[in-house]
Protein chains: 2
Amino acid sequence: MQPFESDVIVVGAGFAGLSAARRLCAAGRRVAVLEARDRVGGRVYTETHHGTAIDLGGQWLGPTQDRALALAKELGLATHRQHVEGHNVLHFGGKRRLFRGTVPRVDAASLAAVGWVWFRLDQLAKEVPLDAPWEAKQASEWDATTLDTFLRTHAPTEGARKLLRYAMETVFAADPADLSLLHVLFYIRSGGGLDRLLSSENGAQQDRVVGGMQRLAEALAAKLPEGTLRLSTPVRAIEHDRDGVVVRSDDAAFSGSRVIVALPPMLAGRLRYAPAMPSARDQLTQRVPQGAVIKCIAIYERAWWREEGLSGHAITDLAPAHVQFDASAPEGTPGVLLGFIEGAAAREWSDRPRGERRDAVLACFARCFGVRAGLPVHYVDKSWTEDEWSRGCYAGYFPPGVWTSSGKALRAPIGRVHWAGTETATVWNGYIEGAIRSGERAAEEVLRSER
Amino acid sequence: MQPFESDVIVVGAGFAGLSAARRLCAAGRRVAVLEARDRVGGRVYTETHHGTAIDLGGQWLGPTQDRALALAKELGLATHRQHVEGHNVLHFGGKRRLFRGTVPRVDAASLAAVGWVWFRLDQLAKEVPLDAPWEAKQASEWDATTLDTFLRTHAPTEGARKLLRYAMETVFAADPADLSLLHVLFYIRSGGGLDRLLSSENGAQQDRVVGGMQRLAEALAAKLPEGTLRLSTPVRAIEHDRDGVVVRSDDAAFSGSRVIVALPPMLAGRLRYAPAMPSARDQLTQRVPQGAVIKCIAIYERAWWREEGLSGHAITDLAPAHVQFDASAPEGTPGVLLGFIEGAAAREWSDRPRGERRDAVLACFARCFGVRAGLPVHYVDKSWTEDEWSRGCYAGYFPPGVWTSSGKALRAPIGRVHWAGTETATVWNGYIEGAIRSGERAAEEVLRSER
């Protein structure tokens, strides 16, 4: 079998892979982008239901996400603001209250505790070097502690712990028990502070692409030279030596000078390498699992909650969709409510019957927004742990002990094999912005290697 | 390509796979055992150096490891005792002291703290149900805590923490920061208590097979019907549906009614499944990484330390080989010292030059046993993280949050796909004994499924 020849092979056509390819093509390189799916975008995926774009994957952009916003502009895509007008709902302990802004009104003690933990996390995060979290002065102590232990120690009321838990679930798609405190601090700093991570206005949930986020991926792909992108081509193996690389799918081989693997570490670890990856790299890929999330969407004729003075945003201790948002297009017709099932709950509900899941989520919506919310025109959800080519979302996270003992292997190229993907980003790690930056960084690395 | 046909296909010829095959063959089933390596034994591996058997993988058996001991007896293999006569060495803080038994003499405060933690761990371990650790009353709290946090809280002196740290490293080949407290408690109970796990006399390090542990694997393999075992046949993919399974290696296909995957969860997760594994199972395989260990061996003309009244066992805070043993055959000619590099240190040293590693280990031996120990006739080591078909040892371990949210997927068959391997054992999990039991359990499961 004669291998297809290029200069650089990119594995994966998510935002990392597409951005890497774009940069390499701009520099005149022949690139092959190999994508397992029959579409681009990776963990960004838009479907149309009832005439409206439904983002079943990554959906938001926000201030300081400069590369993503610049790309959208460059490629002629409009953005609109996340709907935030009106009151948010807090449904805790069977009681329903309204609030505005990011932090809900709970009892004074809980509010104080939330404020204190928030302040501490932000403060400690500033001590984590983004390009080498393991070099933070207290790295070994922080990395030996779970976020759960930190919350138990610093948040004395149950109300505070719950609120913080749901906030963290929404950020990480993982449970506080799963997460290294060092990873949490790194991630907070990487996104520019907790306020930025958790907010809609002036935060990571501020802007959406008109027509859905997938359009940005498609626009990126459309600009690549013809023949660059090969869909439905899952990569299985990478052979690499001093002379070059050969990347194998089921029925074709692609040879080149270098390869950029633009996959989460866990999926990168499931490729076959010849020679096998060195210990440091292989052990890393064993230790950075994917988060777990089910994105749940209910569609109504119009966003009637807006007429009732509600924003569509809710936080609730009712399982399983603890955090909810308005996901309608700006005009509010149709109306769309979005709920997240995260972490252990996402694993549990992924393997349960769809009908049960739908009923449980709609019951959550109805308790927060009234019975009408339980009677949508249409319900759809996507469990990212069931998606063969992601096996989880939003991103790979670091359990305790991993940053300090395996972090150095995250970005370091192995000969002619380079690594991209949002997990390798120093800024906006875990976000679309991080993915784009990681792809551009890997492309630069490859271009530099030739000089 | 016409597939080879059998009743049951077993993936992996370690002790789990071999034991499963043995049981199935005894029940009259046609079995194909597919092994990636050119040898059987998996994480058990014996080499001969200077006329003596050197176990570079699993090497000990002990009381209550009934299935392993019975197999050795049945297959006509003799065992001998681990050498324990004489004084052990403790080299801490630049000082060298001698002690006998399992717990070294440190200052009174440290000794008390070690005793207290030891007692507490044993006591808490008794509350963990071996077949369902997630059902322990305090499971969610224990699983949200690292062992490191537990040691920091309960062991007030640095001496105590060090001792406990090295003891735990030796048991888990992982660092306290990596480990869920629930996993530690499960593991302690699974092996019958800390004393049993840590002791040579009357413990897990009591007995060795004459000629090396590999002989037991070979004896098991030799009893399988001709044609059952296929070496150098790495499995890449498993197709499974209601009618049966097809297991694919690079250039052959094997069809059968059922398949037993006798690999650690992480390696099982790197196979390709069609249809893909359900969320619960796939997320589990992302979350149970392999421990890391380098087994370091120095060979001398004879075990001269015995003449000096030393047992050859040492515990030291000198990096990198914190725990050392006499690994000579009973007669002590040649003499063999064995040191372990574990956890993060094993990852670090795996990718460093062999000569440097040798020098660092021998310096450790020399500080504990005198200059002669630095001048062996021969030095050999094996880093299990570099081994493509294990990618770590001794076993897969559970980081925080995994047992409680993914534990149920550890043994549950997925249709016609069954799981074995020491990680799935309830008794002596992580040991050769657990591997054997897991293989026998999986074989019973398959046989039962036909009734």
**Request:** Determine the dipole magnitude for segment A:108-198: charges of +1 sit on the beta-carbon of Lys and Arg, -1 on that of Asp and Glu, nothing else is charged, the reference point is the Cα centre, and the result goes in debye to the nearest 20.
**Result:** 280 debye
**Item:** Descending Cα extents along the principal axes, segment A:141-250, whole Å
**Value:** 58, 41, 23
**Request:** Order the peptides B:203-212, A:112-121, A:138-147 from the highest to the lowest mean number of other Cβ atoms within 10 Å of their residues.
**Result:** A:138-147, B:203-212, A:112-121
**Asked** Averaged across the residues of A:196-202, what count of C-beta atoms belonging to other chains lies within 10 Å of each residue's C-beta?
**Response** 0
**Item:** Cα centre as origin, Lys/Arg/Asp/Glu Cβ charges: the protein assembly as shown dipole, Debye
**Value:** 340 debye
**Item:** Other-copy label distances relative to A:Ser449, 7 angstrom Cα-Cβ extension, nm
**Value:** 4.3
**Item:** Relative contact order %, segment A:226-270, counting alpha carbon pairs below 8 Å whose residues are six or more apart
**Value:** 24 percent
**Asked** Can you pull the Kirkwood radius for the protein assembly as shown, inverse mean 1/r over Cα pairs, to one decimal in Å?
**Response** 28.7 Å
**Beta bridge orientation in chain B: antiparallel %, DSSP, nearest 5** = 70 percent
**Request:** Leaving ligands, DNA and RNA out of it, report the carbon-plus-sulfur percent of the accessible area of chain A at a 1.4 Å probe.
**Result:** 49 percent
**Prompt:** For A:346-354, what's the mean count of beta carbons from other chains sitting within 10 Å of each residue's beta carbon?
**Reply:** 4
**Request:** Would you calculate the volume per residue, in Å³, of the smallest convex hull containing every Cα atom of segment A:108-198?
**Result:** 80 Å³
**Shielding by partners - mean other protein chain Cβ count within 10 Å, residues of A:385-395** = 3
**Complete:** Over chain B, the sum of -39500 (n - 2.57) across DSSP H runs of at least four, divided by residue number and rounded to 500 deg cm²/dmol, gives at 222 nm -10000 deg cm²/dmol
**Item:** GluC sites (Glu not before Pro) within segment B:274-376, DSSP loop, no more than 13 other Cβ atoms inside 10 Å
**Value:** B:Glu301, B:Glu308, B:Glu331
**Message:** Over 25 Å between Cα atoms: which of B:Lys382/B:Lys408; A:Lys137/B:Lys162; A:Lys382/B:Lys408; A:Lys162/A:Lys295; A:Lys162/B:Lys137 fall into that group?
**Reply:** B:Lys382/B:Lys408
**Prompt:** Can you list the lysines whose alpha carbon is less than 16 Å from that of A:Lys73, not counting same-chain residues fewer than 8 positions off?
**Reply:** A:Lys223
**Request:** Taking the dipole about the Cα centre of the protein assembly as shown, with the C-beta of Lys and Arg at +1 and of Asp and Glu at -1, give me whichever of A:Thr48, A:Gly339, B:Pro278 is farthest to the positive side.
**Result:** A:Gly339
**Prompt:** In degrees, nearest 10, range 0 to 90: what is the angle between the Cα axis of helix B:158-172 and the longest Cα principal axis of chain B?
**Reply:** 30 degrees
**Request:** Let me see the pair-distance distribution of segment A:306-451: every alpha carbon pair, 5 Å bin width, integer percents in order.
**Result:** 2, 8, 14, 15, 14, 13, 11, 9, 7, 5, 2, 1, 0
**Request:** May I ask for log10 I(q)/I(0) of segment B:219-308 at q = 0.18, 0.20, 0.25 Å⁻¹, from a Debye sum over the Cα atoms as equal point scatterers with solvent left out?
**Result:** -0.96, -1.09, -1.31
**Prompt:** Can you pull the three principal axis extents for the Cα set of chain A, in Å, largest first?
**Reply:** 66, 51, 39
**Request:** On a 0 to 90° scale, report how tilted helix A:15-26 is relative to the longest principal axis of chain A, with both axes built from alpha carbons and the result rounded to the nearest 10.
**Result:** 40 degrees
**Request:** Using a 1.4 Å probe on the heavy atoms of the protein chains only, list every residue of segment A:282-326 that has 10 Å² or more less accessible area in the complete assembly than in its chain alone.
**Result:** A:Asp282, A:Gln283, A:Gln286, A:Arg287, A:Pro289, A:Gln290
**Item:** B/A buried area, accessible surface, summed, 1.4 Å probe, Å²
**Value:** 3500 Å²
**Message:** Below 8 Å between Cα atoms, with a sequence gap of 6+, how large is the relative contact order for segment B:108-198 in percent?
**Reply:** 41 percent
**Prompt:** Normalised by the residues of chain B, what does the relative contact order come to in percent, with Cα pairs under 8 Å and at least six apart?
**Reply:** 26 percent
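The values are calculated or read from the model by the stated rules, or taken from the named source; none is laboratory data. Predicted model, so just to flag it, every value in this text is computed and none were measured. FYI the Cβ positions are ideal-geometry reconstructions off the backbone, even for glycines, and counts take in every protein chain you see. When the accessible area is computed, the model is the full protein with side chains, heavy atoms only, and any ligands, DNA or RNA have been set aside. Shrake-Rupley method; radii C 1.70, N 1.55, O 1.52, S 1.80 Å.
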